[in-house]
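The values are calculated or read from the model by the stated rules, or taken from the named source; none is laboratory data. From a predicted model like this one, the values you see are computed outputs, not experimental measurements. Here the Cβ positions follow ideal geometry from the backbone for every residue, glycine too, while neighbour counts run over all protein chains shown.
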């Protein structure tokens, strides 16, 4: 047991932090939120050159051959910077599932393109009426036709679908009624994609698949992939927690430094015990979130079974992040609830992250099952 | 970063478990909440000592095993999981031994450490006084030099384990003229010395949990001064960092946690979504507390003294213990009020015992408020008031 980062990991973190501090200032985040695409092609290319897209993929596809834990640290820095764009979608929701489930041919076709930044990927999973991600409840149909399938259905909350080249589309094969994942050309004519306007300022879409034709070769693995889809969601939940570790750590730092500077009654408000104890409550929530997230990321990177640990991390993060944001806003006072201040970037994203890939209730139920209840 | 245990460490955990399970099977004792501080069992302590499990991290020349803090974490985690009666040696093992090791003379180390490790010398703590709780530095017990001796006069209170402790680790004022933090010294006082007397105090669980200790012209040889004269306050801060560092803060009532989960499984109460959610919430909170505790061990393993890290861990964990007791009481409903000796009592009455006992957890070894002050000032660098 050693809870410190290695020197290489510290270096990766510092490099990422420096790059993002330079390239992702507040004006950039705001501009991306207001833009149609939500990301900058130029910056995307720079991230490719830094090796970020390929970090966690094997060398033979052009990757950096590092583990999920290293990716976790990168995601943390992205969360710290509120980095907009389709990195999460392309790597966590696209590339890693392809690496897990795809044939060699599929991996060679898609992974180098993702790693070189040429193609953007995302996951089309959730459907109308689902409050949470519910892989078992999907109804999008894949009906056999000729040598392939025809897909019909509507997907919701699909991140970055409007700029994606490929969607990993989760559907139910007919008549076998098995969950399957298809590689779908996101630019095809039978796909209608519309942007939703979201609290977090990210780009999520409604995607209507109206008779989308795919071949058998577009299947990731064989039908009967419910467990694999659940693993995708599990990993996405941890990855989202990693982003959130960066988010809440930054919010804690912003809040503590504000409490040191802001003076009322001729003294810094951070010298008042009420404010100090709020800050400590925040720090405790942050540290608990970081430790439980790192543990889940470490277990994923080792390939160990970790449903309970993942659920613990996401259940804790969901509620802890909300407590942290409430206190951060309280300590910042009125300036913190203006658009002039940066805090809203963080608190809006924290709420969106809480809802993504399952909220605390969902994961507590998972913990209950792991406890044998 | 590595959250795992080595094969040797896993084997050690297994060894500790087998030992404890065997003890329970033989009927030596029954798992209990708070047994680390209230389970007085000299024979058990002796058997633990025979395995070399007291002073595990200390150098072998003083009776220790030179093992890692992670090994000690594993050992204490298992002791707490099984609710083993470890009170005789807990204080000596956790903090007084460490204080002697860090600050004591060679003579003191040779005199005390092997006896603590051998399960022969038990310690109580003489810190708090009627007028000195959170503001420990204002303590008034005096120690005045007289030839080769110090003469101690005063009163200590809230001393756990005093009724079986052989020695008391006493903090007394040696320079009343100096600023209050700079005039305190630390002594080892034989609890049987002439002039030491004791009045027991009963806590709200009905347990004789503490004592008031009175020192009336108690003569202590100068060699029993630990560390430097007038440096006692700085030494006690160091010792408190260790006092707050352990898993007993999150696992002191682990037998209740295990029992209530088991009870819900067997009674099918676990089908109730409200109860599932309550228990799962506790489990998540427990895991977070455990990780905060692991972080403290990891700091020690890096060779640092945990400071705000152990304050944070203790503050969080004792609040968890209160919630655990509350949830257990809620789940048991009306049966929750049945005391251990009552007819029909479920879970051997552990729930009301913990409910009452846990009120004190966030007071002992630094109140939650004092601990948060430490984290604010030392951990976050916020300005003093």
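Below, the figures for the structure above:
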{"quantity": "The lone exception for residue A:53 - which of (1) in contact with a helix residue (DSSP H, G or I) (Cβ under 7 Å, 6 or more places away or on another chain); (2) more than 14 Å from every other protein chain (Cβ to nearest Cβ); (3) closer than 30 Å to residue B:302 by Cβ it fails", "calculated": "(3)"}
{"quantity": "Among residues of the range B:293-315, those that are under 16 Å from residue B:378 (Cβ atoms) and either in contact (Cβ under 8 Å) with a residue 40 or more places away in the chain or touching a helix residue (DSSP H, G or I) at 6+ places or on another chain (Cβ under 8 Å) (or both), counted", "calculated": "14"}
{"quantity": "Residues of the range B:155-189 satisfying the condition of being surrounded by fewer than 21 Cβ atoms within 10 Å (Cβ to Cβ) and part of a strand (DSSP E or B)", "calculated": "B:155, B:157, B:160"}
{"quantity": "Qualifying residue in the range B:53-65 (condition: in contact (Cβ under 8 Å) with a residue 24 or more places away in the chain, surrounded by 18 or more Cβ atoms within 10 Å (Cβ to Cβ) and over 28 Å from residue B:304 (Cα atoms))", "calculated": "no"}
{"quantity": "Odd one out for residue A:111, checked against (1) more than 26 Å from residue A:355 (Cβ to Cβ); (2) in contact with a strand residue (DSSP E or B) (Cβ under 9 Å, 6 or more places away or on another chain); (3) not assigned by TED's automatic domain parsing to the domain that holds residue A:178", "calculated": "(2)"}
{"quantity": "Residue in the range B:332-346 that is closer than 25 Å to residue A:319 by Cα and either more than 24 Å from the chain's Cα centre (by Cα) or not assigned by TED's automatic domain parsing to the domain that holds residue B:87 (or both) present", "calculated": "no"}
{"quantity": "Conditions (1) under 22 Å from the mean Cα position of the chain (by Cα); (2) more than 18 Å from residue A:308 (Cα to Cα); (3) surrounded by fewer than 24 Cβ atoms within 10 Å (Cβ to Cβ): number failed by residue B:268", "calculated": "(1)"}
{"quantity": "Criterion (surrounded by 24 or more Cβ atoms within 10 Å (Cβ to Cβ), touching a residue at least 12 places away in the same chain (Cβ under 8 Å) and more than 20 Å from residue B:382 (Cβ to Cβ)) met by exactly one of A:352, A:315", "calculated": "A:315"}
{"quantity": "Some residue of the range A:198-218 being in contact (Cβ under 8 Å) with a residue 60 or more places away in the chain, within 13 Å of chain B (Cβ to nearest Cβ) and surrounded by 15 or more Cβ atoms within 10 Å (Cβ to Cβ)", "calculated": "no"}
{"quantity": "Meets criteria (within 26 Å of residue A:76 (Cβ to Cβ) and touching a residue at least 40 places away in the same chain (Cβ under 8 Å)) for residue A:256", "calculated": "no"}
{"quantity": "Qualifying residue in the range B:360-379 (condition: within 30 Å of residue B:262 (Cα to Cα) and either within 12 Å of another protein chain (Cβ to nearest Cβ) or not in a loop (DSSP other than H, G, I, E, B) (or both))", "calculated": "yes"}
{"quantity": "Extreme residue, nearest to the other protein chains (Cβ to nearest Cβ), among residues of the range A:355-373 that are assigned to a loop (DSSP other than H, G, I, E, B) and surrounded by 22 or more Cβ atoms within 10 Å (Cβ to Cβ)", "calculated": "A:358"}
{"quantity": "Qualifying residues in the range B:1-45 (those that are in a loop (DSSP other than H, G, I, E, B), surrounded by fewer than 17 Cβ atoms within 10 Å (Cβ to Cβ) and more than 14 Å from every other protein chain (Cβ to nearest Cβ)) - the one farthest from the chain's Cα centre (by Cα)", "calculated": "B:26"}
{"quantity": "Subset of the range B:230-254 (residues that are surrounded by fewer than 24 Cβ atoms within 10 Å (Cβ to Cβ) and under 20 Å from residue B:81 (Cβ atoms))", "calculated": "B:254"}
{"quantity": "Residue A:119 vs. criteria in a loop (DSSP other than H, G, I, E, B) and modelled with pLDDT of 95 or more", "calculated": "yes"}
{"quantity": "Only one of A:195, A:220, A:167 that is within 25 Å of residue A:75 (Cβ to Cβ) and in contact with a helix residue (DSSP H, G or I) (Cβ under 6 Å, 6 or more places away or on another chain)", "calculated": "A:220"}
{"quantity": "Some residue of the range A:252-273 being more than 21 Å from residue B:373 (Cα to Cα) and under 27 Å from the mean Cα position of the chain (by Cα)", "calculated": "no"}
{"quantity": "So residue A:327, is it over 19 Å from residue B:384 (Cα atoms), surrounded by fewer than 23 Cβ atoms within 10 Å (Cβ to Cβ) and touching a helix residue (DSSP H, G or I) at 6+ places or on another chain (Cβ under 6 Å)", "calculated": "yes"}
{"quantity": "Any hit, the range A:137-155, residues being part of a helix (DSSP H, G or I) and either in contact with a helix residue (DSSP H, G or I) (Cβ under 8 Å, 6 or more places away or on another chain) or in the same structural domain as residue A:200 (by TED's automatic domain parsing) (or both)", "calculated": "yes"}
{"quantity": "Sole residue being under 29 Å from residue A:295 (Cβ atoms), more than 20 Å from the chain's Cα centre (by Cα) and away from every other protein chain (no Cβ under 11 Å), chosen from B:326, B:307", "calculated": "B:326"}
{"quantity": "Residue tally, condition surrounded by 23 or more Cβ atoms within 10 Å (Cβ to Cβ) and either within 15 Å of residue A:318 (Cβ to Cβ) or more than 9 Å from every other protein chain (Cβ to nearest Cβ) (or both), over the range A:237-277", "calculated": "14"}
{"quantity": "Candidates A:325, A:299, filtered to the one that is assigned to a helix (DSSP H, G or I), touching a residue at least 40 places away in the same chain (Cβ under 8 Å) and either within 13 Å of chain B (Cβ to nearest Cβ) or more than 18 Å from the chain's Cα centre (by Cα) (or both)", "calculated": "A:325"}
{"quantity": "Unique match (being surrounded by fewer than 17 Cβ atoms within 10 Å (Cβ to Cβ) and either within 14 Å of chain B (Cβ to nearest Cβ) or in contact with a helix residue (DSSP H, G or I) (Cβ under 9 Å, 6 or more places away or on another chain) (or both)) among A:310, A:337", "calculated": "A:337"}
{"quantity": "Residue within the range B:77-90 that is surrounded by 21 or more Cβ atoms within 10 Å (Cβ to Cβ) and more than 25 Å from residue B:30 (Cβ to Cβ) present", "calculated": "no"}
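Per-residue answers, yes or no, for (1) crowded, with 19+ Cβ neighbours inside 10 Å; (2) more than 22 Å from residue A:36 (Cα to Cα); (3) in contact with a strand residue (DSSP E or B) (Cβ under 7 Å, 6 or more places away or on another chain):
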position	(1), (2), (3)
A:87	yes, no, no
A:102	yes, yes, yes
A:115	yes, yes, no
A:128	no, yes, yes
